[in-house]
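Okay, so here's the structure we're looking at.
Where a number appears in this text, it was derived from the coordinates with a stated rule and is not lab data. Just so it is clear, the model here is predicted, and its values are computed rather than measured. Cβ placement follows ideal geometry from the backbone for every residue including glycine, while neighbour counts extend to all protein chains displayed.
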Amino acid sequence: MNETTWVPGHAGWQGQQGSTTLLSFTGVVLTLAGVAYAVVHLFDPAPAMKALGASTLVAVGVGVWMVLAHLRVGRLRVVRASTAPGSIRFGQIEGLSRLVLLLGVAGLALLGSWVWVVFTVPSARVTLLTLLLVPFVSLGLLWGGARALFRRPGSHEVSLTPDGVALRIPGNRLDAAWGDIAGAELVANRVHVRTRDGAAATFAARDLASDPVILAELVTFYASTPAARAEIGPTTLERLRSGEF
């Protein structure tokens, strides 16, 4: 289970860089469009259409729930980590995988109701949007849910040990000894963990449930301070609480 720690003496993450107005506006528009689509079908007399509307509403609701779960988690000068002797792990928001799995279930319901519509509702009453877009959305949700179901523990985290750094983020992996790590920094809303050969593994500022700037500074501290690496584990939380890194 993750322990929440507040870190003093550091500026920390100042929030998303750049304007998010367009992204927010697009999200609101898509949400309202999804709700409108669901309501229209809920009031259709055909049971298959009602099922399609209900499953759409559930999918939209879970999607909004996931976004809010990301946004409501405070990260400024806060880290959430689990420790064991010789290691500390910084993971994603607790419960997020269950939400993704729930989204996959909603995708399955959406696909099932779409098949029901196709085979029972006259084609003249089925819109092109329903015929073409719904199955693609359903399969996308199913794919995400399947990934959450079969994802191994520790597949979405950054872990530190006295020997090195392991980064496990979908699409980005890194296993490197401390001697190969040049440092880490936040650039354009992504943390870049740089190796001495010039390569870098990255993760988004909101991928994990901790302040991304604090994580970057902690990695840089251990990369540049070999004498401190032996403490990595539960003692790292004490260093974070002191802000001395």
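Table for the structure above
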quantity	calculated
Per DSSP, loop trypsin sites (Lys or Arg not before Pro) in segment 167-230 with at most 14 further Cβ within 10 Å	ARG196
Low-density loop cleavage sites - chymotrypsin sites (Phe, Trp or Tyr not before Pro) in segment 2-79, where at most 15 other Cβ are within 10 Å (DSSP)	PHE43
Cα gyration tensor category, rounded, prolate or oblate, for segment 157-242 with a/c compared to 1.5	oblate
Extension gain, TRP116 back to ARG206 (0.36 nm per residue minus Cα-Cα distance, nm)	28.6 nm
